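Note sheet for the following structure.
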Amino acid sequence: MTLQEFINQFDTPNSIVLLEGKRNVLEADKEKLTTLGRLLATKTKNMIFRSGNAEGADQLFSDGVTVVDSKRLQVITPYTGHRVKTNKAYETISLDEINIAAEPEVVYQSKSNKKTEKLIDQFVSGDKNRNTIKAAYIIRDTIKAIGTEDIKPATFGIFYDDLENPMSGGTGHTMLVCEQNNIPIIDQSIWFKWLTQ
């Protein structure tokens, strides 16, 4: 898929594009993430960019978008006040504002992450502590992809992944949820080429 093909297909009203990835970004790649955020925000009119507000890839992509138009950046955070100093999004939605217990599909798909399955039940039942906060991150990652009753699902996912250990951790969970819900995704093996087109 070329950059122009992506824009032609996905720059439509209500299009939500995930821009996110690993916290650890190779030094040589950092500028590419910011460049992509800026390029997409410049060359498109309709799409909203969604992030998880994590350090690393999320922040770099978001920095590129907000240089052009912060009104098109939406952030979903695991709790109120998450990295608030670096959050430049026009719209921030915290898990604290969402009744997770009333979102059975979010809970079900979050539990596909076996490492946090039990923690998710505890978190949803209201047990919030140092351990269950890990569940909040996975639930946030699920919501970024499939949305909730009030949050639209993503249309497309653009990721910066660890190509030596692909689809692992929270980024991998988000990518898998996208795949399971027929949300197309790409990683830098595709979008790096967009920067030279």
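Round to the nearest 10 and give me the degree value, 0 to 90, for the angle of helix 133-146's Cα axis relative to the longest principal axis of the chain.
The two axes meet at around 50 degrees.
When the solvent-accessible surface of protein heavy atoms is calculated with a 1.4 angstrom probe, in what order do Ser15, Ser125 fall, highest first?
Ser125, Ser15
Enter the angle in degrees (range 0 to 90, nearest 10) between the Cα long axis of helix 57-69 and the first principal axis of the Cα atoms of the chain, meaning the one along which they spread out most.
Compared with the principal axis, the helix lies near 60 degrees.
Pairs Lys43/Lys193; Lys71/Lys152; Lys88/Lys134; Lys32/Lys85: which exceed 19 Å Cα-Cα?
Lys88/Lys134; Lys32/Lys85
Tabulate in residue order the Karplus-calculated ³J(HN,Hα) for region 191-197, using 6.51 cos²θ - 1.76 cosθ + 1.60 with θ = phi - 60°, rounded to whole Hz; enter x for Gly and Pro.
With coefficients 6.51, -1.76 and 1.60, one gets 6, 4, 5, 4, 6, 10, 8 Hz.
What are the residues whose amide H is under 5 Å from the amide H of Glu91, where those residues sit 5 or more places off or on another chain and H is modelled from the backbone?
For Glu91, whose amide H was placed from the backbone, the distant partners under 5 Å are Leu73, Val75.
Please list, ordered by chain and number, the residues whose modelled amide H lies under 5 Å from the amide H of Asn53; skip anything fewer than 5 residues away on the same chain.
Sorted by chain and number, the residues that satisfy this are Ile76.
Which distance in nm do the two modelled labels at Gln122 and Glu5 give, with both placed 7 Å along the Cα-to-Cβ direction?
Here the answer is 4.6 nm between the modelled labels.
Quick one: ranking Ser168, Ser189 by accessible area, 1.4 Å probe, largest first, what do you get?
Ser189, Ser168
Enter the accessible area per residue of the chain (Å², integer; probe 1.4 Å; all protein chains in place).
Averaged over the residues of the chain, the accessible area is 50 Å².
Give me the dipole magnitude in Debye, nearest 20, for the chain about the Cα centre, with unit charges on the beta carbon: positive for Lys and Arg, negative for Asp and Glu.
The dipole of the chain has a size of about 340 debye.
The values are calculated or read from the model by the stated rules, or taken from the named source; none is laboratory data. This one's a predicted model, so the numbers in the text were calculated from it and none came from an experiment. We place every Cβ from the backbone using ideal geometry, glycine too, and count neighbours over all the protein chains shown. For accessibility, only protein heavy atoms count, side chains too; no ligands or nucleic acids. Shrake-Rupley method; radii C 1.70, N 1.55, O 1.52, S 1.80 Å.
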